[in-house]
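The values are calculated or read from the model by the stated rules, or taken from the named source; none is laboratory data. Predicted model only: the values in this text are computed from it and were never measured. All Cβ positions, glycine included, derive from the backbone under ideal geometry; neighbour counts span all protein chains shown.
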Amino acid sequence: MKTHFKGFRCFRCGAEQGVDFGGYVCPACGGNLEVRYAWPKWGVEKWWFDDARKDIFRYRALLPVSKMELASPLRVGMTPLYEAPRLGAKAGLKNLRLKDDGQNPSASFKDRAGAVALVRARETGAKVLCGASTGNAGSSMACLAASVGMPCVIFVPEKAPAAKIAQLLVFGAKVFAVKGTYDDAFDLCMEVCAKRGWFNRNTGHNPFTREGKKTAAFEIFEQLGKVPDWVVVPTGDGNIIGGIWKGFCDLKEARITNHLPKMLCAQSAESRAISEAAWKLQKAGGAPDDWKAVEIAPVAATTVADSISVDIPRDGLAAVRAVIESGGAAVAVPDADILAAIPEMARGAGVFAEPAAACAWAGLKKAAADGVVSSDETVVCMCTGNGLKDVASARKVAGDPIPLENSVEAALAATEGLG
Ligand SMILES: Cc1ncc(COP(=O)(O)O)c(C=O)c1O
Ligand SMILES: [Zn+2]
């Protein structure tokens, strides 16, 4: 099956590039690029989806890569979409679903981006995969690179949680723990990739990561049998929310559906650069005449949710556009609410989320309480990372086991009244 990939368009200034463009960002203004397609006039038929594949490449007719023999053999995507009525009831929501992307090969949503980036890297003859990461993008890249035996170099902030660093190392990536923040690691990685000519997978900077992320929209559409009213996305750099929004826009442009969801951007109050920019635009009446004029002011992020702790969002404009153009909203919640959301999701739906992923549920609860999301609307809440990635945070709120003497009498006495 051929790809309909026809080039790139700049998010900021709209300048277009052809398929042969070998760079990463807009040569005219430095803005991030989005991948464009030339869909057939009559649209894309759903039967073009490849039933033989049980991963994101089921949607390869809507992706910018074609050499499937270069894809990782690992199963990426096709994650479950669970009904979550008991959890939903806690926020008065009657139609809540959880999309559990913690079930990807490296246990986070980032595998979707990595899977497409890997094919692109190999199609263009890259010898080394390189990226900066708060942890998940890196562990995903390391995992996927290992699956095809490709060298991989990752820059992480020195404070990335131990489990994420362990993942990187176990998959055999060369890991540099940068003395500084994620933003420092990102800038350093950019310089090294440019000087060494390595494939740069950095979020936002590389337009192919967004293409992988958009596949979650295709799955939601198929699993639900329709486009939901809301999709809730925990947000740091803004690439996931922009990617999922693009997926729904592609479905519409390819004439597979006429509907679009509203996007809810969920952030920590301690890392909310994108929300601030979205609120400012909403106050001023919505979409600006010129997206180039929109500035996203950096913040000094301190959130416990390491995956969404971002000073300078690397795909901020795409995220703000997703919120504004979808008629959606942005919410920011305190870290205490994010941590409390971990056991709530686990106990209310059986899904264990890392702090960043739990931010989606915490944000959705706030949006429901504020009347932004109403009880009858169909809501898909993205669970972007598995809770085992950061057990230290979970232990802060999960409680403690009950000490017990090793005797039947003591056990019976202690379990009295438990049913
Ligand atoms: C688990 C998890 N959730 C949410 C995000 C936020 O994605 P983005 O930085 O693209 O907004 C990330 C990114 O690292 C993540 O790993
Ligand atoms: Zn541009």
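For the reader, a short list of remarks on this structure follows.
- D289 meets all of the listed conditions (1) under 17 Å from G327 (Cα atoms); (2) modelled with pLDDT of 95 or more but one, namely (2).
- Screening K366 on (1) more than 23 Å from L93 (Cα to Cα); (2) surrounded by fewer than 24 Cβ atoms within 10 Å (Cβ to Cβ) shows it passes everything except condition (1).
- In region 365-386, residue farthest from S140 (Cα to Cα) [restricted to those that are within 16 Å of ligand 1 (Cβ to nearest atom) and part of a strand (DSSP E or B)]: V380
- Taking the criterion of being crowded, with 18+ Cβ neighbours inside 10 Å, part of a loop (DSSP other than H, G, I, E, B) and either within 16 Å of ligand 1 (Cβ to nearest atom) or not charged (D, E, K, R) (or both), the residues of region 9-25 that qualify are F11, Y24.
- Filtered residue count, region 277-302, keeping only those that are polar (S, T, N, Q) and touching a Pro at 6+ places or on another chain (Cβ under 8 Å): 0
- Residues in region 305-340 that are part of a helix (DSSP H, G or I) and within 13 Å of ligand 1 (Cβ to nearest atom): D306, S307, I308, G316, L317, A318, A319, V320, A322, V323, I338.
- In summary, strands (runs of 3 or more DSSP E) completely within region 114-190 and bearing 1 or more residues that are within 12 Å of ligand 1 (Cβ to nearest atom) occur at 129-132, 152-157.
- Only a single item in (1) of a type outside the set (D, E); (2) within 14 Å of ligand 1 (Cβ to nearest atom); (3) part of a loop (DSSP other than H, G, I, E, B) is not met by I256, and it is number (2).
- V227, sole failed condition from (1) closer than 27 Å to E377 by Cα; (2) part of a strand (DSSP E or B): (2)
- Count of residues meeting criterion [in a strand (DSSP E or B) and away from ligand 2 (no atom under 15 Å from the Cβ)] in region 31-46: 1
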